[in-house]
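Notes to accompany the following structure.
No lab work stands behind these numbers, since they all come straight from the coordinates. All of these numbers come straight from a predicted model, not from anything done at the bench. Note: ideal-geometry Cβ built from the backbone for every residue, glycine included; neighbour counts use all protein chains shown.
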Amino acid sequence: MNQPALIPALSTPSAAELERLDDAALHLRLHQQVEAAWQLCLGYHPALPRPAVWFDLRGKGAGQAHYVRRGLRFNPVLLRENRHAFLAEVVPHEMAHWLVHHLEGGPWMQPHGHEWKTVMVRLFGLKPRTTHSFDVSRSSPAPYCYRCECDRHYFSARRHGLARKGTKYRCRQCAQTLVYEGRVDI
Ligand SMILES: [Zn+2]
Ligand SMILES: [Zn+2]
C-alpha cells in the first residue's frame, strides 16, 4: 500500500518572497512561524509553554531546542541562506522537540525517536528528517562528521575531499580508521 501523501500543516511563503526580506523582517517572519507551530501544538498539548526564540546558534546545526533556557535557538547564517527550508522544516523540527520534551516522560525519550517522528508526520505533515544538506561553509569551517569507536571528529571540506579520494585518517586515541557519518543534525 502507498503511504498517504503528507500535507504540511504550516503554510510557508514562496522562496522568492522570502528572498526579498532583510534580516530583521526575516527574523520576524521566523518568529511568526514559531508562533503558528506553537499554536498547532497547543491543540494537542494545551499546557505547552511558549518557547522564547534566539538567533544565536553558531556552527553546523540549523536549530536547537534548549530546555534550560526554555526556548528555541536558530542559526542566523544558515537561516539567511536557507530561508524557505527554515520556515517549512527547521521550525517544525525544533518545535516537535519542544513538544515531546514537555510530554509526560519526554525528557527521557529518544531525541528523534518514535514520539518525535509521530509529531512530525501527524501534526506537522512532514517527513521526519534528522539531517540537513545546507551549505555550512560560511557558518562552520568543519561540517563533516566522522566517527571512530570513541568519538566524533569534524572535518573541513578540504580534508573531507581527501578522505573521499582514499586518504585514511585514524583516531589518535583508539587508532581506528575514521568513517564518514554525514552532516550533523538539523
Ligand atoms: Zn577513537
Ligand atoms: Zn533534532
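A few remarks follow.
- Low-density loop cleavage sites - trypsin sites (Lys or Arg not before Pro) in segment 53-146, where at most 11 other Cβ are within 10 Å (DSSP): R138
- Across segment 24-41, rounded Karplus estimates of 3J(HN,Hα) from the backbone phi angles (6.51 cos²θ - 1.76 cosθ + 1.60, θ = phi - 60°) give 4, 5, 5, 5, 4, 5, 5, 3, 5, 5, 4, 4, 5, 5, 5, 4, 4, 5 Hz, Gly and Pro being marked x.
- Three-way shape call for segment 54-95 based on the alpha-carbon gyration tensor, with the a/c threshold at 1.5: oblate
- Straight-distance crosslink candidates among lysines, where the alpha carbon sits under 24 Å from K127 and sequence neighbours closer than 8 are dropped: K60, K117
- Cα gyration tensor shape of segment 1-82, rounded if a/c is under 1.5, else prolate or oblate by comparing a/b with b/c: oblate
- Phi angles of segment 71-87 translate, via the Karplus equation with coefficients 6.51, -1.76, 1.60 and θ = phi - 60°, into HN-Hα couplings of x, 10, 10, 10, 8, x, 6, 5, 4, 4, 9, 9, 4, 5, 4, 5, 6 Hz per residue; Gly and Pro are given as x.
- Angle in degrees between helix 91-101 and the longest Cα principal axis of the chain, rounded to the nearest 10: 80
- Cβ charges +1 (Lys, Arg) and -1 (Asp, Glu), total dipole of the chain, debye: 840
- When only Cα pairs below 8 angstrom with a gap of at least 6 residues are kept, segment 144-183 shows a relative contact order of 52 percent.
- Residues with amide H under 5 Å from that of H66, placed H, sequence gap 5 or more: G71, L72, R73
- Straight-distance candidates among the aspartates and glutamates for linking to K168, with alpha-carbon spacing under 16 Å and chain neighbours fewer than 8 residues away dropped: E149, E181.
- Distance from segment 13-57 to segment 124-175 (C-alpha centre basis), Å: 29
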